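The structure appears below as C-alpha coordinates.
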Amino acid sequence: MSRIVMKFGGTSMAGTERIRRVARIVQRQQAAGHEVAVVVSAMAGETDRLVNFCREASALYDPAEYDVVVASGEQVTAGLLALHLQALGCQARSWLGWQLPIHTDDAAAKARIEGIDSEALLASMAAGEIAVIPGFQGLSDANRVTTLGRGGSDTSAVAVAAGIKADRCDIYTDVDGVYTTDPRIVAKARKLKNVTYEEMLELASVGSKVLQTRSVSLAMKENVRVQVLSSFIDETAPAADTLPGTMIVSDDELEGLDMERQLITGIAADKNDAKVILTAVPDRPGAVAEIFGPLAEANINVDMIIQNVGRADTDTDVTFTVPQSDLERTKVLLDANRATIGYEKLSTDSKVSKISVVGVGMRSHAGVAATMFRALADRAINIQAISTSEIKVSVLIDSDETELAVRVLHTAYGLDAE
(Lines give C-alpha, C1' and ligand atoms only; values in the text may rest on other atoms or scores of the structure.)
Protein backbone atom coordinates (compact mmCIF):
# COMPACT_ATOMS: atom_id res chain seq x y z
CA MET A 1 0.00 0.00 0.00
CA SER A 2 1.31 3.43 -0.97
CA ARG A 3 0.75 6.83 0.59
CA ILE A 4 -0.24 9.34 -2.07
CA VAL A 5 -0.99 13.06 -2.15
CA MET A 6 -3.35 14.18 -4.93
CA LYS A 7 -3.65 17.85 -5.89
CA PHE A 8 -6.44 19.34 -8.02
CA GLY A 9 -6.28 22.82 -9.54
CA GLY A 10 -8.96 25.45 -10.04
CA THR A 11 -10.29 24.21 -13.38
CA SER A 12 -10.68 20.71 -11.88
CA MET A 13 -12.76 22.18 -9.03
CA ALA A 14 -14.86 24.60 -11.10
CA GLY A 15 -18.40 23.68 -10.13
CA THR A 16 -20.41 20.83 -8.65
CA GLU A 17 -20.04 18.38 -11.54
CA ARG A 18 -16.27 18.74 -11.70
CA ILE A 19 -15.91 18.38 -7.94
CA ARG A 20 -18.05 15.24 -8.12
CA ARG A 21 -15.74 13.95 -10.87
CA VAL A 22 -12.70 14.66 -8.69
CA ALA A 23 -14.36 12.79 -5.82
CA ARG A 24 -14.71 9.71 -8.02
CA ILE A 25 -11.04 9.92 -9.06
CA VAL A 26 -10.01 10.14 -5.40
CA GLN A 27 -12.34 7.29 -4.42
CA ARG A 28 -10.81 5.06 -7.09
CA GLN A 29 -7.30 5.75 -5.82
CA GLN A 30 -8.28 4.84 -2.27
CA ALA A 31 -10.08 1.73 -3.54
CA ALA A 32 -6.75 0.63 -5.07
CA GLY A 33 -5.46 0.32 -1.50
CA HIS A 34 -3.64 3.61 -1.01
CA GLU A 35 -3.67 6.05 1.90
CA VAL A 36 -4.80 9.32 0.32
CA ALA A 37 -4.54 13.02 1.12
CA VAL A 38 -6.01 15.56 -1.30
CA VAL A 39 -4.94 19.20 -1.71
CA VAL A 40 -7.35 21.51 -3.55
CA SER A 41 -7.28 24.94 -5.14
CA ALA A 42 -10.14 27.43 -5.18
CA MET A 43 -12.63 27.21 -8.04
CA ALA A 44 -11.34 28.69 -11.29
CA GLY A 45 -11.69 32.47 -11.19
CA GLU A 46 -12.58 32.59 -7.49
CA THR A 47 -9.21 33.89 -6.28
CA ASP A 48 -9.30 36.69 -8.87
CA ARG A 49 -12.78 37.63 -7.65
CA LEU A 50 -11.58 37.78 -4.05
CA VAL A 51 -8.48 39.78 -4.99
CA ASN A 52 -10.69 42.33 -6.75
CA PHE A 53 -12.76 42.72 -3.59
CA CYS A 54 -9.56 43.64 -1.73
CA ARG A 55 -8.56 46.15 -4.39
CA GLU A 56 -12.02 47.73 -4.31
CA ALA A 57 -11.71 48.13 -0.55
CA SER A 58 -8.34 49.89 -0.78
CA ALA A 59 -5.61 50.34 -3.36
CA LEU A 60 -3.08 49.96 -0.52
CA TYR A 61 -4.80 47.09 1.28
CA ASP A 62 -3.38 45.43 4.39
CA PRO A 63 -1.62 42.24 3.15
CA ALA A 64 -2.56 40.35 6.33
CA GLU A 65 -6.28 40.99 5.78
CA TYR A 66 -5.82 40.23 2.08
CA ASP A 67 -4.66 36.75 3.13
CA VAL A 68 -7.77 36.26 5.26
CA VAL A 69 -10.00 37.09 2.28
CA VAL A 70 -8.28 35.12 -0.49
CA ALA A 71 -7.67 32.01 1.65
CA SER A 72 -11.43 31.47 1.84
CA GLY A 73 -11.65 30.16 -1.73
CA GLU A 74 -9.77 26.95 -0.94
CA GLN A 75 -11.75 26.47 2.26
CA VAL A 76 -14.96 26.25 0.21
CA THR A 77 -13.63 23.62 -2.23
CA ALA A 78 -12.09 21.54 0.58
CA GLY A 79 -15.41 21.35 2.38
CA LEU A 80 -17.35 20.61 -0.81
CA LEU A 81 -14.99 17.82 -1.87
CA ALA A 82 -15.24 16.23 1.57
CA LEU A 83 -19.04 16.32 1.26
CA HIS A 84 -18.94 14.70 -2.18
CA LEU A 85 -16.59 11.97 -0.94
CA GLN A 86 -18.92 11.28 1.97
CA ALA A 87 -21.82 11.02 -0.48
CA LEU A 88 -19.86 8.27 -2.28
CA GLY A 89 -19.54 6.35 0.97
CA CYS A 90 -15.96 7.39 1.77
CA GLN A 91 -14.70 8.48 5.16
CA ALA A 92 -13.43 12.01 4.55
CA ARG A 93 -12.86 15.28 6.37
CA SER A 94 -11.35 18.66 5.59
CA TRP A 95 -8.28 20.02 7.40
CA LEU A 96 -7.72 23.76 7.21
CA GLY A 97 -4.17 25.12 7.18
CA TRP A 98 -4.37 26.21 10.83
CA GLN A 99 -5.78 22.85 11.99
CA LEU A 100 -2.78 20.73 10.97
CA PRO A 101 -1.10 23.28 11.24
CA ILE A 102 0.99 24.24 8.21
CA HIS A 103 3.59 26.59 9.70
CA THR A 104 4.79 29.50 7.55
CA ASP A 105 6.76 32.69 7.96
CA ASP A 106 4.86 35.97 8.24
CA ALA A 107 5.40 37.29 4.68
CA ALA A 108 1.75 37.99 3.88
CA ALA A 109 0.66 36.99 0.36
CA LYS A 110 4.09 35.38 -0.24
CA ALA A 111 4.56 33.18 2.82
CA ARG A 112 6.97 30.25 2.82
CA ILE A 113 6.23 26.93 4.48
CA GLU A 114 8.53 26.14 7.39
CA GLY A 115 7.04 22.85 8.53
CA ILE A 116 3.90 20.75 8.96
CA ASP A 117 2.62 19.01 12.09
CA SER A 118 1.53 15.76 10.45
CA GLU A 119 0.88 13.45 13.42
CA ALA A 120 -2.90 13.88 13.51
CA LEU A 121 -3.11 13.78 9.73
CA LEU A 122 -1.19 10.49 9.53
CA ALA A 123 -3.37 8.93 12.22
CA SER A 124 -6.50 9.96 10.31
CA MET A 125 -5.20 8.52 7.03
CA ALA A 126 -4.09 5.27 8.71
CA ALA A 127 -7.67 4.87 9.95
CA GLY A 128 -8.93 4.95 6.36
CA GLU A 129 -10.02 8.57 6.27
CA ILE A 130 -9.37 10.70 3.18
CA ALA A 131 -7.83 14.01 4.24
CA VAL A 132 -8.91 17.02 2.17
CA ILE A 133 -6.58 20.00 2.63
CA PRO A 134 -7.01 23.52 1.20
CA GLY A 135 -3.89 24.54 -0.67
CA PHE A 136 -2.34 28.00 -0.77
CA GLN A 137 -2.62 28.69 2.97
CA GLY A 138 -0.87 28.26 6.28
CA LEU A 139 -0.41 29.76 9.73
CA SER A 140 2.21 32.25 10.92
CA ASP A 141 3.86 32.29 14.35
CA ALA A 142 1.50 35.14 15.19
CA ASN A 143 -1.46 32.79 14.56
CA ARG A 144 -2.51 34.73 11.45
CA VAL A 145 -3.70 33.04 8.27
CA THR A 146 -1.12 33.35 5.51
CA THR A 147 -1.17 32.59 1.79
CA LEU A 148 1.69 31.34 -0.36
CA GLY A 149 1.28 33.41 -3.52
CA ARG A 150 -0.45 32.56 -6.79
CA GLY A 151 -0.11 28.89 -7.67
CA GLY A 152 0.70 28.13 -4.05
CA SER A 153 -1.49 25.01 -3.92
CA ASP A 154 1.21 23.10 -5.83
CA THR A 155 3.66 24.03 -3.09
CA SER A 156 1.14 23.01 -0.43
CA ALA A 157 0.75 19.59 -2.05
CA VAL A 158 4.48 18.94 -2.26
CA ALA A 159 4.95 20.15 1.33
CA VAL A 160 2.22 17.79 2.56
CA ALA A 161 3.79 14.94 0.56
CA ALA A 162 7.17 15.67 2.17
CA GLY A 163 5.61 16.04 5.62
CA ILE A 164 3.87 12.65 5.53
CA LYS A 165 6.65 10.96 3.52
CA ALA A 166 4.31 10.13 0.64
CA ASP A 167 5.44 7.76 -2.08
CA ARG A 168 4.27 10.18 -4.75
CA CYS A 169 2.56 13.53 -5.27
CA ASP A 170 0.11 13.53 -8.19
CA ILE A 171 -0.63 17.01 -9.58
CA TYR A 172 -3.88 16.88 -11.57
CA THR A 173 -4.24 19.76 -14.04
CA ASP A 174 -6.09 20.63 -17.24
CA VAL A 175 -3.19 19.19 -19.27
CA ASP A 176 -2.04 15.59 -19.35
CA GLY A 177 1.66 16.20 -18.73
CA VAL A 178 4.65 18.40 -19.44
CA TYR A 179 5.22 19.22 -23.12
CA THR A 180 8.24 20.45 -25.05
CA THR A 181 6.37 23.75 -25.26
CA ASP A 182 2.82 25.08 -25.02
CA PRO A 183 0.69 22.90 -27.40
CA ARG A 184 -1.61 25.86 -27.96
CA ILE A 185 1.29 27.65 -29.65
CA VAL A 186 3.00 24.70 -31.34
CA ALA A 187 0.67 21.94 -32.53
CA LYS A 188 3.65 19.56 -32.90
CA ALA A 189 4.73 19.87 -29.27
CA ARG A 190 5.48 16.48 -27.68
CA LYS A 191 4.58 15.21 -24.21
CA LEU A 192 7.60 14.23 -22.11
CA LYS A 193 7.57 10.99 -20.11
CA ASN A 194 10.17 12.13 -17.59
CA VAL A 195 11.76 15.46 -16.64
CA THR A 196 14.43 16.12 -14.02
CA TYR A 197 13.74 18.39 -11.07
CA GLU A 198 16.36 20.82 -12.35
CA GLU A 199 14.85 21.02 -15.85
CA MET A 200 11.33 21.44 -14.45
CA LEU A 201 12.56 24.12 -12.06
CA GLU A 202 14.03 26.10 -14.93
CA LEU A 203 10.93 25.62 -17.10
CA ALA A 204 8.64 26.70 -14.25
CA SER A 205 10.79 29.74 -13.47
CA VAL A 206 10.74 30.98 -17.07
CA GLY A 207 7.04 30.70 -17.82
CA SER A 208 5.85 27.10 -18.00
CA LYS A 209 2.45 27.16 -16.27
CA VAL A 210 2.29 23.44 -15.45
CA LEU A 211 3.92 23.66 -12.01
CA GLN A 212 4.76 26.53 -9.68
CA THR A 213 8.50 27.22 -9.26
CA ARG A 214 8.49 26.89 -5.49
CA SER A 215 6.73 23.53 -5.64
CA VAL A 216 9.44 22.11 -7.91
CA SER A 217 12.21 23.56 -5.75
CA LEU A 218 10.67 21.99 -2.65
CA ALA A 219 10.18 18.65 -4.44
CA MET A 220 13.86 18.65 -5.42
CA LYS A 221 14.97 19.56 -1.89
CA GLU A 222 12.78 16.91 -0.23
CA ASN A 223 13.16 14.33 -3.05
CA VAL A 224 9.39 14.10 -3.58
CA ARG A 225 8.46 12.24 -6.79
CA VAL A 226 5.88 14.38 -8.62
CA GLN A 227 3.59 13.19 -11.40
CA VAL A 228 1.72 15.64 -13.66
CA LEU A 229 -1.48 14.29 -15.23
CA SER A 230 -4.94 15.35 -16.33
CA SER A 231 -8.04 15.37 -14.15
CA PHE A 232 -10.17 15.34 -17.30
CA ILE A 233 -9.76 11.61 -17.91
CA ASP A 234 -12.37 9.14 -19.05
CA GLU A 235 -14.46 7.60 -16.29
CA THR A 236 -13.20 4.14 -17.24
CA ALA A 237 -9.50 5.09 -17.27
CA PRO A 238 -7.18 3.20 -14.91
CA ALA A 239 -5.92 4.66 -11.64
CA ALA A 240 -3.08 7.19 -11.69
CA ASP A 241 -0.47 4.47 -11.10
CA THR A 242 -0.74 3.50 -14.77
CA LEU A 243 -1.78 6.76 -16.44
CA PRO A 244 0.74 8.17 -18.95
CA GLY A 245 1.52 11.50 -17.28
CA THR A 246 4.93 13.13 -16.85
CA MET A 247 7.06 12.10 -13.88
CA ILE A 248 9.36 14.71 -12.28
CA VAL A 249 12.30 12.84 -10.78
CA SER A 250 15.93 13.18 -9.72
CA ASP A 251 18.87 13.01 -12.13
CA ASP A 252 19.88 9.69 -10.59
CA GLU A 253 16.47 8.11 -11.19
CA LEU A 254 16.34 9.43 -14.73
CA GLU A 255 19.75 7.97 -15.50
CA GLY A 256 18.32 4.51 -14.83
CA LEU A 257 15.37 4.91 -17.20
CA ASP A 258 15.50 3.52 -20.72
CA MET A 259 15.05 6.72 -22.65
CA GLU A 260 16.93 8.85 -25.15
CA ARG A 261 18.08 12.12 -23.64
CA GLN A 262 17.59 15.21 -25.77
CA LEU A 263 19.83 18.24 -25.98
CA ILE A 264 16.86 20.54 -25.30
CA THR A 265 13.97 19.44 -23.09
CA GLY A 266 11.59 22.33 -23.64
CA ILE A 267 10.92 25.93 -24.61
CA ALA A 268 8.97 28.31 -22.39
CA ALA A 269 7.50 31.77 -22.89
CA ASP A 270 6.53 34.27 -20.20
CA LYS A 271 4.65 37.51 -20.85
CA ASN A 272 4.36 38.37 -17.17
CA ASP A 273 7.65 40.25 -16.82
CA ALA A 274 8.29 43.98 -17.11
CA LYS A 275 11.56 45.66 -18.04
CA VAL A 276 13.00 48.40 -15.84
CA ILE A 277 15.81 50.71 -17.02
CA LEU A 278 17.77 53.09 -14.80
CA THR A 279 19.97 55.47 -16.78
CA ALA A 280 23.04 57.34 -15.60
CA VAL A 281 23.55 55.37 -12.39
CA PRO A 282 26.80 56.44 -10.70
CA ASP A 283 29.55 53.97 -11.62
CA ARG A 284 30.85 53.32 -8.11
CA PRO A 285 31.02 50.42 -5.62
CA GLY A 286 27.69 49.84 -3.86
CA ALA A 287 25.48 51.55 -6.42
CA VAL A 288 23.89 48.29 -7.59
CA ALA A 289 23.32 47.16 -4.00
CA GLU A 290 21.38 50.38 -3.37
CA ILE A 291 19.09 49.49 -6.29
CA PHE A 292 18.33 45.89 -5.43
CA GLY A 293 18.49 46.04 -1.62
CA PRO A 294 15.12 47.80 -1.20
CA LEU A 295 13.53 45.47 -3.77
CA ALA A 296 14.76 42.40 -1.90
CA GLU A 297 13.41 43.77 1.39
CA ALA A 298 10.02 44.19 -0.31
CA ASN A 299 10.12 40.54 -1.52
CA ILE A 300 10.21 41.63 -5.18
CA ASN A 301 11.92 39.02 -7.33
CA VAL A 302 14.39 40.43 -9.85
CA ASP A 303 15.38 38.40 -12.88
CA MET A 304 17.48 39.33 -15.91
CA ILE A 305 20.04 41.96 -14.84
CA ILE A 306 22.29 43.85 -17.25
CA GLN A 307 24.79 46.56 -16.32
CA ASN A 308 26.35 48.41 -19.23
CA VAL A 309 29.98 49.40 -19.39
CA GLY A 310 30.50 52.67 -17.57
CA ARG A 311 30.74 55.87 -19.61
CA ALA A 312 33.98 57.75 -18.89
CA ASP A 313 34.09 56.07 -15.48
CA THR A 314 31.24 58.26 -14.24
CA ASP A 315 27.94 56.48 -14.79
CA THR A 316 26.28 53.41 -16.28
CA ASP A 317 22.84 52.07 -17.21
CA VAL A 318 21.21 49.18 -15.34
CA THR A 319 18.42 47.08 -16.89
CA PHE A 320 16.48 44.33 -15.12
CA THR A 321 13.11 42.59 -15.12
CA VAL A 322 10.49 42.15 -12.39
CA PRO A 323 7.03 40.51 -12.40
CA GLN A 324 4.45 42.83 -13.94
CA SER A 325 2.40 42.49 -10.75
CA ASP A 326 5.29 44.10 -8.85
CA LEU A 327 6.05 46.86 -11.37
CA GLU A 328 4.17 49.66 -9.62
CA ARG A 329 5.72 48.83 -6.24
CA THR A 330 9.13 48.69 -7.91
CA LYS A 331 8.67 52.16 -9.37
CA VAL A 332 7.55 53.55 -6.01
CA LEU A 333 10.56 52.03 -4.22
CA LEU A 334 13.06 53.22 -6.82
CA ASP A 335 11.58 56.72 -6.79
CA ALA A 336 11.74 56.80 -2.99
CA ASN A 337 15.42 55.82 -3.12
CA ARG A 338 16.38 58.00 -6.08
CA ALA A 339 18.58 60.34 -4.07
CA THR A 340 20.50 57.43 -2.55
CA ILE A 341 20.89 55.55 -5.84
CA GLY A 342 21.60 58.69 -7.85
CA TYR A 343 20.10 57.60 -11.17
CA GLU A 344 19.01 60.18 -13.75
CA LYS A 345 15.95 58.55 -15.35
CA LEU A 346 13.61 55.61 -14.68
CA SER A 347 11.78 54.00 -17.60
CA THR A 348 9.75 50.80 -17.88
CA ASP A 349 8.29 48.53 -20.56
CA SER A 350 5.64 45.92 -19.82
CA LYS A 351 5.23 44.79 -23.45
CA VAL A 352 8.07 42.28 -23.32
CA SER A 353 8.28 38.51 -23.31
CA LYS A 354 10.93 36.16 -21.96
CA ILE A 355 11.71 33.16 -24.19
CA SER A 356 13.82 30.35 -22.74
CA VAL A 357 15.31 27.07 -23.96
CA VAL A 358 16.01 24.50 -21.25
CA GLY A 359 17.83 21.17 -21.20
CA VAL A 360 20.45 19.28 -19.18
CA GLY A 361 22.10 18.42 -22.50
CA MET A 362 23.53 21.96 -22.57
CA ARG A 363 26.12 20.90 -20.01
CA SER A 364 27.93 18.73 -22.53
CA HIS A 365 27.06 20.39 -25.86
CA ALA A 366 28.31 23.68 -27.27
CA GLY A 367 26.41 25.95 -29.65
CA VAL A 368 22.98 25.93 -27.98
CA ALA A 369 22.93 29.72 -27.54
CA ALA A 370 24.30 30.31 -31.03
CA THR A 371 21.47 28.24 -32.51
CA MET A 372 18.93 30.31 -30.58
CA PHE A 373 20.41 33.66 -31.62
CA ARG A 374 20.71 32.66 -35.28
CA ALA A 375 17.15 31.28 -35.47
CA LEU A 376 15.72 34.50 -34.02
CA ALA A 377 17.92 36.70 -36.22
CA ASP A 378 16.77 34.85 -39.35
CA ARG A 379 13.20 35.93 -38.52
CA ALA A 380 14.26 39.51 -37.64
CA ILE A 381 13.35 39.10 -33.96
CA ASN A 382 15.36 41.57 -31.89
CA ILE A 383 16.89 40.47 -28.58
CA GLN A 384 16.67 43.10 -25.82
CA ALA A 385 18.41 41.18 -23.02
CA ILE A 386 20.06 37.81 -22.41
CA SER A 387 20.57 35.67 -19.30
CA THR A 388 21.98 32.15 -18.94
CA SER A 389 22.43 29.34 -16.46
CA GLU A 390 24.07 25.94 -16.77
CA ILE A 391 20.99 24.42 -18.45
CA LYS A 392 19.06 27.50 -19.69
CA VAL A 393 19.34 30.39 -22.11
CA SER A 394 16.73 33.17 -21.88
CA VAL A 395 16.18 36.21 -24.06
CA LEU A 396 13.85 39.19 -23.74
CA ILE A 397 11.92 40.18 -26.87
CA ASP A 398 8.89 42.24 -27.86
CA SER A 399 5.73 40.50 -26.62
CA ASP A 400 4.10 40.70 -30.07
CA GLU A 401 6.74 38.26 -31.37
CA THR A 402 6.27 35.62 -28.66
CA GLU A 403 4.45 32.91 -30.59
CA LEU A 404 6.64 33.29 -33.67
CA ALA A 405 9.78 32.96 -31.54
CA VAL A 406 8.52 29.82 -29.81
CA ARG A 407 7.61 28.13 -33.11
CA VAL A 408 10.92 29.04 -34.72
CA LEU A 409 12.97 27.72 -31.81
CA HIS A 410 10.89 24.54 -31.41
CA THR A 411 11.73 23.67 -35.00
CA ALA A 412 15.35 24.85 -34.78
CA TYR A 413 16.08 22.41 -31.95
CA GLY A 414 14.32 19.47 -33.63
CA LEU A 415 11.54 19.19 -31.06
CA ASP A 416 8.61 18.96 -33.51
CA ALA A 417 6.69 15.68 -33.32
CA GLU A 418 6.72 13.55 -36.45
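The values are calculated or read from the model by the stated rules, or taken from the named source; none is laboratory data. The model shown is predicted, which means the values in this text are computed figures rather than measured ones. Cβ sites come from the backbone with ideal geometry, for glycine too, and all protein chains shown count toward neighbours. Protein only, heavy atoms only, side chains kept; ligands, DNA and RNA dropped before computing areas. Shrake-Rupley method; radii C 1.70, N 1.55, O 1.52, S 1.80 Å.
Odds and ends about this structure:
- Net length gained if the chain between Ser230 and Glu119 were fully extended (0.36 nm per residue, minus Cα distance): 36.9 nm
- A straight chain from Glu403 to Ala336 at 0.36 nm per residue would run longer than the Cα-Cα distance by 20.4 nm.
- Compared with the alpha-carbon gap, the fully stretched path from Ser350 to Leu88 is longer by 89.4 nm at 0.36 nm per residue.
- Accessible area of the chain divided out per residue, in Å², using a probe of 1.4 angstrom: 45 Å²
- Met362, Met372, ranked by accessible area, largest first (probe 1.4 Å): Met362, Met372
- Taking all protein chains as shown and a probe of 1.4 angstrom, Asp335 keeps an accessible surface of around 100 Å².
- Degrees separating the helix 327-336 axis from the principal Cα axis of the chain, which is the longest one: 50 degrees
- Residue ranges 402-413, 298-309, 17-28 sort as 402-413, 17-28, 298-309 when ordered by packing (mean number of other C-beta atoms within 10 Å per residue, highest first).
- Counting heavy atoms of the protein chains alone, Ser347 has an accessible area of about 40 Å² for a 1.4 Å probe.
- Relative contact order [Cα under 8 Å, 6+ residues apart], the range 135-241, whole percent: 32 percent
- Just the protein heavy atoms count here, and of the accessible area of the chain at 1.4 Å, carbon and sulfur take up 50 percent.
- Dipole of the chain, positive end: most advanced residue of Leu83, Leu148, Gly128 [Cβ charges, Cα centre]: Leu83
- Cys90 - accessible surface, heavy atoms, 1.4 Å probe, Å² rounded to 10: 20 Å²
- Helix axis angle, 287-297 relative to the chain longest principal axis, alpha carbon, degrees: 20 degrees
- Summed over qualifying helices (DSSP H, 4 residues or more, each -39500 (n - 2.57)) and divided by its residue number, the chain shows a 222 nm mean residue ellipticity of -10000 deg cm²/dmol.
- Cβ-Cβ distance of Ala44 and Asn308, R₀ of 51 Å, FRET efficiency by 1/(1 + (r/R0)^6): the value works out to about 0.70.
- Acute angle (nearest 10 degrees) that the helix 368-378 long axis makes with the longest principal axis of the chain, alpha-carbon atoms: 70 degrees
- Most simply put, the chain has about 60% antiparallel DSSP beta bridges, counting only bridges with both residues inside it.
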